[in-house]
Each structure stands twice: as structure tokens, then as C-alpha cells.
1. What are the residues in the range 127-159 that are more than 19 Å from the chain's Cα centre (by Cα) and of a type in the set (A, V, I, L, M, F, W, C), if any?
2. Could you tell me which of the residues LEU118, LEU161 is closer than 30 Å to ARG47 by Cα, outside any loop (DSSP other than H, G, I, E, B) and touching a strand residue (DSSP E or B) at 6+ places or on another chain (Cβ under 8 Å)?
3. Scan the range 166-204 for residues that are among the acidic types (Asp, Glu) and within 16 Å of the ligand (Cβ to nearest atom) and jot them down.
4. Tell me, please, whether a residue that is within 19 Å of PRO305 (Cα to Cα) and surrounded by 15 or more Cβ atoms within 10 Å (Cβ to Cβ) can be found in the range 159-179.
5. Between a first residue in the range 185-212 that is of a type in the set (Asp, Glu) and a second residue that is assigned to a helix (DSSP H, G or I) and surrounded by 16 or more Cβ atoms within 10 Å (Cβ to Cβ), which pairs have beta carbons less than 6 Å apart while being 6 or more apart in sequence or on different chains?
6. Considering each of LEU290, LEU274, LEU307, LEU295 in turn, give the residue that is among the hydrophobic types (A, V, I, L, M, F, W, C), under 23 Å from GLY233 (Cα atoms) and surrounded by 11 or more Cβ atoms within 10 Å (Cβ to Cβ).
7. What number of residues within the range 89-115 satisfy the criterion of being closer than 17 Å to GLY70 by Cα and either outside any loop (DSSP other than H, G, I, E, B) or touching a Lys or Arg at 6+ places or on another chain (Cβ under 9 Å) (or both)?
8. Only one of these is at pLDDT below 85 and within 26 Å of VAL38 (Cβ to Cβ): GLY230, GLY223, GLY238, GLY242. Name it.
Amino acid sequence: MTNTPTTRMPSATTSSPVTETVVSVSGLRKTYGDKVAVDDVSFEVGRGEIVGILGQNGAGKTTTVEALAGLRTADGGTVSVLGLDPQHDPAPVRELLGVQLQESRLPAKQRVVEALRLYASFYTDPRDPEELITLLGLQEKRDTAYENLSGGQKQRLSIALALVGNPQVAILDELTTGLDPQARRETWDLIEAVRDSGVTILLVTHFMDEAERLCDRVIVIDGGRVIAQGTPGELARGDRTGVTFRMRLPQPLDAALLADIESVTSMREVGLDLEVTGGPTVLPDVIIALHSCGLVPTEVQTISPSLEDAFVALVGRPPEENPS
Ligand SMILES: Nc1ncnc2c1ncn2[C@@H]1O[C@H](COP(=O)(O)OP(=O)(O)OP(=O)(O)O)[C@@H](O)[C@H]1O
């Protein structure tokens with residue numbers, strides 16, 4: 001994690017005090033006919049945080065954030081943005097909340113600067129469109145029609161449109177879906193710059209690498225319910241206190257040598273490597289034991305548990321490769 005959040009929220013495993021809650025969702029419920037899209041969702045977001053909403057297709061993520069933005073009517077529960085109620089009085093919330101929803105589409109011939117000026121005219125205290133064009137690296141595309149922008153440029157424009165009202169909170173849904181790896185990394189840098197400019201961000205994503213890179217905390221939704229929340233590191237570690245590493249040795253090893261080490265709990269061969277798992281001191285214990293036999297590994301790599309592993313363990317299935 002490269003982020004240094006200005007506030008930390010309580011999570012599954014921490015209890016730091018909340019300094020200022022800007023978004024609060026409590027017992028949210030939404031049905032479409034017989035279909036329960038959101039069953040019982042509660043969470044809070046503190047000022048300056050980037051919080052990820054993770055879940056598979058159909059988990060209820062978009063319904064949740066759209067209810068928060070006052071774009072869908074909830075059947076139960078409460079939502080609050082900066083103390084305002086978007087469900088019963090959405091107009092003032094729109095001044096404070098920017099929304100980038102999935103697949104924003106603009107008229108094909110509309111130029112970048114025209115779109116930004118038009119959207120700016122909807123707000124009482126908008127950001128300067130030219131400043132946003134610079135912030136989002138769209139200077140060279142300022143006068144380009146929407147239809148002639150690349151996928152990454154369209155995405156950056158949609159983020160600019162979410163920010164043009166000068167919001168204190170931004171909801172970004174499927175931020176980097178369909179972008180190439182470089183455009184994704186550029187978009188991530190941009191989101192960090194947006195957060196550093198003082199905007200609290202709620203990020204809906206399928207991508208675990210994106211959540212690990214950007215989010216101070218993540219909320220995992222499955223079947224319309226929150227099934228876990230915490231920092232990406234907390235969720236990835238889960239209950240694990242042990243260490244796993246892989247090493248490559250210059251010659252075959254008598255397995256009994258390592259099996260006798262108290263801190264070693266398991267070993268397995270992975271290709272040319274030996275993977276060892278054990279207690280907190282297992283890595284130095286193994287290296288010292290090898291050294292006493294005149295052996296030095298040619299490579300050693302510690303294996304960190306990933307958010308993706310945690311997600312699979314929690315949800316029972318991996319996040320979709322090709323989100324809809
Ligand atoms: N307007 C609607 N009418 C009927 N059912 C809907 C509607 N919108 C969403 N649903 C259903 O509600 C459930 C939750 O949908 P939602 O879009 O909130 O999920 P999601 O987690 O955002 O999924 P995705 O990642 O695919 O966008 C899904 O089963 C979906 O099919």
C-alpha cells in the first residue's frame with residue numbers, strides 16, 4: 001500500500017476512532033420485484049478515504065452506490081452523505097457528490113471542453129473545466145469529439161465529468177474496465193491525485209489489484225450483504241500469522257533437515273523451488289539450518305497473501321475476468 005489515509009475507519013479487525021464520517025449507509029435494502037438486489041448493507045466512509053466496494057457481477061454494488069447518490073429508491077434502511085439524505089432530498093446532495101457510472105455515453109460529436117462546460121453549468125460552484133482538462137491530462141484532446149477519443153481518454157473524461165461539480169465525495173463505478181495496463185496505471189495515479197486534492201472516493205470495482213493499489217479500506221458485498229470489510233492487508237492476511245516463502249537450492253536437499261525445524265509447518269515442491277510455510281521465524285530458521293550444512297539458496301521469495309485469495313475464500317468464487 002502506498003496510500004497514507006488521513007482517516008481510518010473501524011473495520012473487521014481494527015477499532016481506530018472515526019474522525020469524520022462523510023458517507024453512512026445503514027441497513028440498506030432494495031428489491032426489484034421478487035429479486036432482492038441489496039438485502040442489508042451498512043458501512044461508513046471517512047473524509048479523505050478511498051473505499052472500495054468489491055463483489056461479483058450482480059452482488060448489489062451498483063444498486064448500493066446509486067441509492068447513495070439518490071438515483072434509485074431504497075425499500076429500507078438509511079443513507080446519508082455529509083449529513084444530507086439523498087433518498088428524500090437528492091438535490092442538495094448532487095452539489096456535493098460526483099458520480100461516474102458504468103458506461104457513460106456522450107453525444108458523438110460533443111467536444112471534450114464542450115461536455116465539461118455543459119456539465120459545469122448544472123452546478124452552483126463548479127470546478128474550472130480547463131483546470132480539470134489539465135488535471136486529467138486531456139489538454140491535447142480539449143477540442144476532440146467524444147467519438148474520436150480512445151477508451152482511456154473517454155474514461156478520463158467521465159472522471160472529469162464526475163468532478164466538475166467540485167464534489168466533496170466521488171463515486172467511481174468500474175473505473176478501469178476495458179483499459180489497457182498502462183491506461184489503468186495512469187488512471188490509478190490520477191485517482192490518487194484526486195484524493196490528494198481533498199475528494200473522498202467510493203470506488204466500485206471487480207479488480208483486486210486495483211483495490212490493493214488504491215483503497216484504504218474495502219467492503220466486500222455478496223448476495224446483497226456485506227460479508228467482510230477492512231484494509232486490503234487485513235482482509236488478505238485473514239487469520240494467518242505464518243509466513244510462506246519459496247527458495248531455489250543449488251543441489252537437492254534431504255527434506256528431513258527442514259522437517260526437524262520447529263517453526264516449519266509444511267513444505268512442498270513447486271517446479272524447481274521448495275515452498276516452505278511456518279511460524280514468524282521460519283525464514284531465518286531455515287536459512288541458518290541450510291547454512292550449517294554449507295547450503296545457500298540461489299533465490300528466496302516471500303509469498304504475500306493476496307486480496308484475490310481472500311476474496312475467493314470469502315465469496316467462494318473468483319471475481320469475474322470480464323465484468324459486464
Ligand atoms: N433495474 C433492475 N431491474 C431488475 N433487476 C435489477 C435491476 N438492476 C439490478 N438488478 C439486479 O439486481 C442485482 C444487483 O445488481 P447490481 O447492478 O446492483 O449488481 P452489481 O454488483 O453492480 O453487478 P455488476 O458488477 O454486474 O454491475 C442483480 O441480480 C441484477 O440483475
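The values are calculated or read from the model by the stated rules, or taken from the named source; none is laboratory data. Note that the structure is a prediction, hence the values are computed from the model and not measured. Cβ: placed from backbone, ideal geometry, glycine included. Neighbour counts: every protein chain shown.
1. If the condition is that a residue be more than 19 Å from the chain's Cα centre (by Cα) and of a type in the set (A, V, I, L, M, F, W, C), then LEU132, ILE133, LEU135, LEU136, LEU138, ALA145, LEU149, LEU157 are the ones that fit.
2. Working: LEU118 fails: touching a strand residue (DSSP E or B) at 6+ places or on another chain (Cβ under 8 Å).
From the options LEU118, LEU161, the qualifying one is LEU161.
3. ASP173, GLU174
4. If we filter the range 159-179 for residues that are within 19 Å of PRO305 (Cα to Cα), which is where we start, we get none.
The answer is no; no qualifying residue exists.
5. GLU212/PRO232; GLU212/LEU307
6. Being among the hydrophobic types (A, V, I, L, M, F, W, C), under 23 Å from GLY233 (Cα atoms) and surrounded by 11 or more Cβ atoms within 10 Å (Cβ to Cβ) holds for just one of LEU290, LEU274, LEU307, LEU295, which is LEU307.
7. Of the range 89-115, the ones closer than 17 Å to GLY70 by Cα are 89-102.
Subsequent filtering for residues that are either outside any loop (DSSP other than H, G, I, E, B) or touching a Lys or Arg at 6+ places or on another chain (Cβ under 9 Å) (or both) retains 90-94, 97-100.
Of the residues in that region, 9 qualify.
8. Sole residue among the options that is at pLDDT below 85 and within 26 Å of VAL38 (Cβ to Cβ): GLY238.
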